[in-house]
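The values are calculated or read from the model by the stated rules, or taken from the named source; none is laboratory data. For clarity, every value in this text was computed on a predicted model and none was experimentally measured. Please note: Cβ atoms are built from the backbone with ideal geometry, for glycine as well, and neighbour counts cover all protein chains shown. Just the protein is used for accessible areas: all its heavy atoms, side chains included, with ligands, DNA and RNA removed. Shrake-Rupley method; radii C 1.70, N 1.55, O 1.52, S 1.80 Å.
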Amino acid sequence: MRIYLTEDYDAMSRRAANLISAEVIRKPDCVLGLATGSTPVGTYKQLATWNQRGDFSFKEVRSVNLDEYKGLAPTHDQSYRYFMQDNFFDHIDIDVKNTNVPDGLAADPAAECARYDELVRSLGYADLQLLGLGRNGHIGFNEPCDHFVKETHVVDLTQSTIDANARFFASADDVPRQALTMGIGCIMAARRVLLIASGADKADAVYNAFCGPITPYCPASILQLHDDVVLVGDKAALSKLIAAGVPVCE
Ligand code: GLP
């Protein structure tokens with residue numbers, strides 16, 4: 001595992017964008033696993049700037065997103081499909097037909113989960129999977145529980161996630177209680193995982209994920225078993241790792 005320490009959120013975003021653009025330049029038809037949340041917004045903005053400048057193209061890139069709220073239409077401004085269009089896809093030259101987000105409105109959510117697993121498998125899994133990190137250690141919407149769930153599945157969101165994501169909705173009552181999420185199997189099948197973290201409120205989760213025991217109670221801790229993980233975090237998010245003497249590069 002390689003850990004990059006950056007000064008702040010903007011520097012974290014640029015470093016992550018550099019790593020993603022390197023992958024797209026190396027393999028123009030790569031499969032990118034993409035994430036939502038506030039953390040990747042700066043990364044997407046930086047990538048869009050370089051793409052618009054003509055530095056590289058997303059025309060042949062395929063993408064698979066991690067998750068979607070159950071019950072939200074793609075046109076709902078808090079759906080993850082809307083987020084991806086608004087923060088990334090509408091600003092780059094990717095072919096929207098090559099982008100994939102689970103369908104939050106599927107009449108048969110279990111069938112949609114099975115379809116999504118098969119889709120990711122048929123694409124050969126992600127060449128690079130971008131991940132944010134929940135304050136409770138979740139990745140995608142794989143919430144802490146007593147076992148790792150391998151397949152794409154419908155998950156009950158924990159109160160901590162509902163509270164954390166309430167800031168995007170009118171009130172906590174409006175946050176959907178369930179989501180469809182890629183499971184740990186597809187995430188671990190990615191050839192490289194890039195996890196980004198910013199801010200002091202992620203310091204415990206980062207520490208538990210990379211220094212704590214490997215346990216489904218901290219889903220991100222499974223990444224300790226992946227042989228190509230890059231963590232890019234700012235000083236605040238990495239503070240506990242650094243205090244524990246974990247070596248980092250700048
Ligand atoms: C959501 C998403 C995750 C994301 C997490 C952290 O719950 N499902 O993929 O990593 O929130 O979000 P943020 O980056 O806003 O802290």
Can you list the lysines whose alpha carbon is less than 24 Å from that of LYS240, not counting same-chain residues fewer than 8 positions off? LYS202
Quick check on region 135-193: what are the equivalent-ellipsoid semi-axes from the Cα gyration tensor, as sqrt(5λ), descending, whole Å? 23, 11, 10
Sort GLU118, GLU250 by heavy-atom solvent-accessible area, probe 1.4 angstrom, most to least. GLU250, GLU118
Considering the Cα positions of region 116-245, please state its Rg to one decimal place and its Dmax as a whole number of Å. 14.7, 42
So how far apart, in nm, are the two label points at VAL248 and ASP10 if each is 7 Å from Cα heading toward Cβ? 1.9
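Within the set LYS27/LYS70; LYS27/LYS97; LYS45/LYS235, which residue pairs have Cα atoms separated by over 23 Å?
Working: LYS27/LYS70 33 Å; LYS27/LYS97 19 Å; LYS45/LYS235 21 Å.
The answer is LYS27/LYS70.
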For all pairs of alpha-carbon atoms in region 2-243, what percent lies in each bin of width 5 Å, listed from the first bin to the last filled one? 1, 7, 14, 20, 21, 19, 12, 5, 1, 0
Rounded accessible area per residue of region 62-142, 1.4 Å, Å²: 39
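Restricting to the chain, compute how many DSSP beta bridges are antiparallel as a %, nearest 5. Could the numbers behind the result be given before it?
Details: 9 of 32 bridges.
About 30 percent, rounded to the nearest 5.
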Selected from VAL24, HIS138, ALA179, residue furthest toward positive end of dipole (the chain; charges at beta carbon): VAL24
Using a cut-off of 16 Å between alpha-carbon atoms, which aspartates and glutamates can reach LYS150, once sequence neighbours fewer than 8 places away in the same chain are excluded? ASP67, GLU112, ASP117, GLU118
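Only four residue types carry charge here, +1 at the Cβ of Lys and Arg and -1 at the Cβ of Asp and Glu. Report the dipole size of the chain about the Cα centre in Debye, rounded to the nearest 20. Working shown, then result.
Numbers: 23 positive and 33 negative charges, 118 e Å.
Dipole size: approximately 560 debye.
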I'd like the chymotrypsin sites (Phe, Trp or Tyr not before Pro) in region 163-250 restricted to DSSP loop residues with at most 16 other Cβ atoms within 10 Å, sorted by number. PHE169, TYR217
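Can you give the calculated 222 nm mean residue ellipticity of the chain, where each DSSP H run of n ≥ 4 adds -39,500 (n - 2.57) and the sum is split over every residue, rounded to the nearest 500 deg cm²/dmol? Intermediate results must be reported in sequence, preceding the final value.
On the way: 8 runs with 83 residues, N = 250.
Counting only the DSSP helices, I get -10000 deg cm²/dmol.
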Report, to one decimal in Å, the Kirkwood hydrodynamic radius for region 1-131 based on all distinct Cα pairs. 15.3
In whole Å, what is the distance between the alpha-carbon centres of region 171-187 and region 109-152? 10
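Quick check: residue separation of ASP174 and THR75 times 0.36 nm, minus the Cα distance between them. What number comes out in nm? Walk me through the numbers on the way to the answer.
Values: separation 99, 0.36 × 99 = 35.64 nm, distance 1.58 nm.
Contour length minus the Cα-Cα distance gives 34.1 nm.
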